[in-house]
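Written below as structure tokens is the structure these notes are about.
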Ligand code: SF4
Ligand code: SF4
């Protein structure tokens, strides 16, 4: 990949997958469009995977996107969250907040991103904390980046190509039962 450029980031929210009090039988992400969601509902839709905080490369010739395991300098690999979410766009000018208008335009969002799924009229996966009721299922299912990134502070832009990985573009096949067994130490 001789002609590739680094793409901007997205950003996981700070309280992903928090259930909203007073939901009716049909949860809000099935009833409302992205544009109709309140700020609280919008923030809660994030699954906390952190995939959007990875550095991406775009091939100039083909437009293909390549994810890397190199993560934004503000990302905490242990908590799988941004260290300064409130000031993220000031601290990291490349950090591009998601909005109802841009979600479907950002081709570097991972296919598992909850905003992308709902924007495309699809359903959330079982591991999403809003569906599972457990904030850890996004980690146990192998969706999150927790524990498998290196900071961009330690990798030069010229070396990003050496860190290209496939897993941020994949949807792991582990089923709910297998993941539950791992979580319970069976
Ligand atoms: S500034 Fe925070 S939210 Fe934005 S890409 Fe970096 S770690 Fe993610
Ligand atoms: S990829 Fe989407 S669901 Fe995952 S952390 Fe980023 S905004 Fe949240």
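The values are calculated or read from the model by the stated rules, or taken from the named source; none is laboratory data. Fair warning: this is a prediction, and the values are worked out from it, not measured in the lab. Cβ sites come from the backbone with ideal geometry, for glycine too, and all protein chains shown count toward neighbours.
When each of 4, 114 is tested for being at pLDDT below 95 and more than 13 Å from ligand 1 (Cβ to nearest atom), the lone residue that passes is 4. The sole residue among 50, 10 that is at pLDDT 90 or above and within 11 Å of ligand 1 (Cβ to nearest atom) is 50. Checked against (1) free of Cβ contacts under 8 Å to residues at least 60 places away in the same chain; (2) surrounded by fewer than 18 Cβ atoms within 10 Å (Cβ to Cβ); (3) in contact with a strand residue (DSSP E or B) (Cβ under 8 Å, 6 or more places away or on another chain), residue 77 passes all but a single condition, namely (1). Within region 137-145, the presence of at least one residue that is more than 16 Å from ligand 1 (Cβ to nearest atom), assigned to a loop (DSSP other than H, G, I, E, B) and surrounded by fewer than 20 Cβ atoms within 10 Å (Cβ to Cβ) is confirmed.
Residue-level analysis places residue 107 among those that are at pLDDT below 95 and within 15 Å of the chain's Cα centre (by Cα). State whether the residues of region 46-55 include one that is over 19 Å from residue 146 (Cβ atoms) and more than 9 Å from ligand 2 (Cβ to nearest atom). No, that holds for no residue.
Residue 95: under 16 Å from residue 17 (Cβ atoms) and within 13 Å of ligand 1 (Cβ to nearest atom), yes or no? For residue 95, the condition - under 16 Å from residue 17 (Cβ atoms) and within 13 Å of ligand 1 (Cβ to nearest atom) - is not met. All of (1) within 20 Å of residue 114 (Cβ to Cβ); (2) surrounded by 13 or more Cβ atoms within 10 Å (Cβ to Cβ); (3) more than 16 Å from ligand 1 (Cβ to nearest atom); (4) modelled with pLDDT of 95 or more hold for residue 18 with one exception: (4). The residues on offer are 79, 112, 90, and the sole one that is more than 12 Å from ligand 2 (Cβ to nearest atom) and either part of a helix (DSSP H, G or I) or touching a helix residue (DSSP H, G or I) at 6+ places or on another chain (Cβ under 8 Å) (or both) is 90.
Take region 63-73 and flag every residue that is in a loop (DSSP other than H, G, I, E, B) and either surrounded by fewer than 21 Cβ atoms within 10 Å (Cβ to Cβ) or at positive phi (or both).
Matches in region 63-73: 63, 64, 73.
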